[in-house]
Amino acid sequence: MNDIFIEQLVKRKRTVKNRIIFIFSILMVILVPLTLIVLSTSGIIIPYFIYIAFFALLFGIWLLWYIRSHQNVEFEYQMVQDTLVVSKIIAKRKRKEMLRLDVRTFDVLAKGNEPELQKLNFSKLYDAAINSSDDENTYYAVYQHAGYGRCALQFNPEEKVLNAMKPYLKKDIVLKIFYHRG
């Protein structure tokens, strides 16, 4: 039997929440040192606070870089034989395996705009998609977990990843995804 190993890397798009956090951080980096400088020059607080303001500014610039780099999130999907491994990569420095799923256990594999997904309730949703609101290109893999019950993985597999899953998926899922039947 041929060994199957396919991998795909997707980058999550920045959301409005990410932008708000970054803008708030910029405001804090500007306002905290500025307030310390104004207070130290007015004589209300010890004049040495100007030095603290300088170090607060340096720390704030480093913190801005740290926050911005941690907003760079990528997901890696790996198909190894019948197993789908989903890893989360943060700032190209930290890698964490999110899930390791046997593809044969998928009850449903469908696009996000499928009506059958609207009827299902999940106890846990793993979000490994580029954009959570893009139902056209987002797939949901629904499976049963021993501890959580019915769970779902939200992800954006390319055609090569889907084709690598094909031999291990249930027949009704293959007919629906690849042949648009059922």
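The values are calculated or read from the model by the stated rules, or taken from the named source; none is laboratory data. Predicted, not measured: the structure shown is a model, and the values here were computed from it. Positions of Cβ are backbone-derived with ideal geometry, glycine not excepted, and every protein chain shown enters the neighbour counts. Note: areas computed on protein heavy atoms with side chains; ligands, DNA, RNA excluded. Shrake-Rupley method; radii C 1.70, N 1.55, O 1.52, S 1.80 Å.
General remarks:
- Stretching the chain fully between Glu97 and Glu158 yields a gain of 20.0 nm (0.36 nm per residue, less the alpha carbon separation).
- Only protein atoms count toward the accessible area here, which uses a 1.4 Å probe; on the range 125-182, the carbon and sulfur part of that area reaches 48 percent.
- Cα centroid of the range 48-89 to Cα centroid of the range 116-153, whole Å: 26 Å
- In the chain, helical runs assigned H by DSSP with n ≥ 4 each contribute -39500 (n - 2.57); averaged across all residues and rounded to the nearest 500, the mean residue ellipticity at 222 nm is -12000 deg cm²/dmol.
- Positive contributions from Lys and Arg (+1) and negative ones from Asp and Glu (-1), summed over other residues with Cβ under 12 Å from the Cβ of Pro167, come out at +3.
- Cα-Cα separations in the range 1-69 greater than 19 Å, expressed as whole percent: 54 percent
- Relative to the dominant Cα principal axis of the chain, helix 16-41 is inclined by about 10°.
- A cut-off under 13 angstrom between Cβ atoms defines the neighbours of Ile6, and their net charge, with Lys, Arg +1 and Asp, Glu -1, is -4.
- Computed over protein heavy atoms with a 1.4 Å probe, the carbon and sulfur contribution to the accessible area of the range 1-116 reaches 67%.
- Surface per residue (accessible, 1.4 Å probe) for the range 103-182, Å²: 55 Å²
- FRET efficiency, Asp172 to Arg14 (Cβ-Cβ, R0 35 Å, nearest 0.05): 0.40
- Amide H contacts of Tyr126 (H built 1.01 Å from N, in plane; Pro and chain starts excluded): Ala152, Leu153, Gln154 sit under 5 Å, all sequence-distant by 5 or more or on other chains.
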